[in-house]
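Some notes on the structure that comes next.
The values are calculated or read from the model by the stated rules, or taken from the named source; none is laboratory data. Since the model is a prediction, treat every value here as computed from it, not as a measurement. Cβ placement follows ideal geometry from the backbone for every residue including glycine, while neighbour counts extend to all protein chains displayed.
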Amino acid sequence: MTIDQAAMHALFHDARTANGFLDQPVATQTLHDIYELAKMGATSMNTQPTRYVFLTNEAAKARLYPALSPGNVDKTKSAPVCVIVATDNHFYEHLPQCFPNKPDAQQMFEGNAALAAATASRNGTLGGAYFMMAARAYGLDCGPMSGFDAAKVNQEFFPDGRWSANFLVNLGHGDNTKLWARNPRLSFEQACQVL
């Protein structure tokens, strides 16, 4: 099934990185709905290592500000929600529930730290991308950011080390007056090979 052109435009062609947001709240139920859609995205062995921390008020976001690059502070202050897209470093403990067709899956990752770390990183990032697409499907704008001190975020929000920050996403209704001109994309010939 191919989605229609309007959906393609909403998800990709017209979607822009939001640098500022309108003063319109995002309902907690909308965050639930976005997660319920995003969680359906494929991850290897259904590992689902992505975790989300929704900072929905000024007090919660203020805990994040010391870790942000200076250029990301004002846009985060304007966002109704800032999402810490995190990775569960012990995701494999959920595999008896999430991947019951391989009974030894948990032990496979517990016994191989390098495999567990690579799987968590790769699939945790996929989960964050699915989340952004789901948010766009619900009519919200996203401002993904990697300009932050991950060690500071982890110390503040994840001191036990179970989860670790991957990237941040400001979420809400974007302020179109703060959009930058869309930058060029690489051509098919620059980015792809067909063998």
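Would segment 151-161 turn up any residue that is out of contact with any strand residue (DSSP E or B) (no Cβ under 7 Å at 6 or more places or on another chain), in contact (Cβ under 8 Å) with a residue 60 or more places away in the chain and within 26 Å of A7 (Cβ to Cβ)?
No, segment 151-161 contains no residue that is out of contact with any strand residue (DSSP E or B) (no Cβ under 7 Å at 6 or more places or on another chain), in contact (Cβ under 8 Å) with a residue 60 or more places away in the chain and within 26 Å of A7 (Cβ to Cβ).
Going residue by residue through segment 180-194, is there one that turns out to be in contact with a Pro (Cβ under 9 Å, 6 or more places away or on another chain) and within 21 Å of L126 (Cβ to Cβ)? Step through it out loud before you land on a result.
The initial filter retains those residues of segment 180-194 that are in contact with a Pro (Cβ under 9 Å, 6 or more places away or on another chain), namely none.
Looking for residues that are in contact with a Pro (Cβ under 9 Å, 6 or more places away or on another chain) and within 21 Å of L126 (Cβ to Cβ), one finds none in segment 180-194, hence no.
For residues that are without any contact (Cβ under 8 Å) to a residue 40 or more places away in the chain and not hydrophobic (A, V, I, L, M, F, W, C), scanning just segment 1-16, find the one that is nearest to D175 (Cα to Cα).
Checking each candidate, the answer is D14.
For segment 1-39, which positions are under 24 Å from T76 (Cβ atoms), among the hydrophobic types (A, V, I, L, M, F, W, C) and part of a loop (DSSP other than H, G, I, E, B)?
Across segment 1-39, the qualifying residues are A15, A18, L22, V26, A27.
Among the residues of segment 44-70, which ones are in contact with a Ser or Thr (Cβ under 8 Å, 6 or more places away or on another chain) and of a type in the set (V, I, T)?
If the condition is that a residue be in contact with a Ser or Thr (Cβ under 8 Å, 6 or more places away or on another chain) and of a type in the set (V, I, T), then T47, T50, T56 are the ones that fit.
Of a type outside the set (F, W, Y), part of a helix (DSSP H, G or I) and at pLDDT 95 or above, is that true of A42? Walk me through it before giving the result.
Values: of a type outside the set (F, W, Y): yes; part of a helix (DSSP H, G or I): no; at pLDDT 95 or above: yes.
No: the conditions fail for A42.
State all residues of segment 57-108 that are free of Cβ contacts under 8 Å to residues at least 60 places away in the same chain and closer than 21 Å to W180 by Cβ; if no residue qualifies, say none. Even if it seems obvious, please write down each step before you answer.
Keep residues of segment 57-108 that are free of Cβ contacts under 8 Å to residues at least 60 places away in the same chain, which gives 57-62, 65, 70, 73-74, 77, 91-104, 106-108.
Across segment 57-108, the qualifying residues are P70, V73, D74, K77.
Within segment 162-180, is even one residue surrounded by 11 or more Cβ atoms within 10 Å (Cβ to Cβ), more than 20 Å from G71 (Cβ to Cβ) and basic (K, R)?
So in segment 162-180, the residues surrounded by 11 or more Cβ atoms within 10 Å (Cβ to Cβ) come out as 162-176, 178-179.
Those still in the list that are more than 20 Å from G71 (Cβ to Cβ) too: 162-164, 173.
From what is left, the residues that are basic (K, R) are 162.
Yes, segment 162-180 has at least one match.
Select from segment 181-195 the residues that are polar (S, T, N, Q), part of a loop (DSSP other than H, G, I, E, B) and either surrounded by 12 or more Cβ atoms within 10 Å (Cβ to Cβ) or modelled with pLDDT of 95 or more (or both) and list them in ascending order. Working first, answer last.
Our first condition is that a residue be polar (S, T, N, Q); within segment 181-195, this holds for 183, 187, 190, 193.
Filter once more, keeping what is part of a loop (DSSP other than H, G, I, E, B): 183, 187, 193.
Selection gives S187, Q193.
Applying the selection to segment 17-32, what residues are touching a residue at least 40 places away in the same chain (Cβ under 8 Å) and either among the polar types (S, T, N, Q) or in contact with a Lys or Arg (Cβ under 7 Å, 6 or more places away or on another chain) (or both)?
Scanning segment 17-32 gives T17, N19, G20, Q24, T30.
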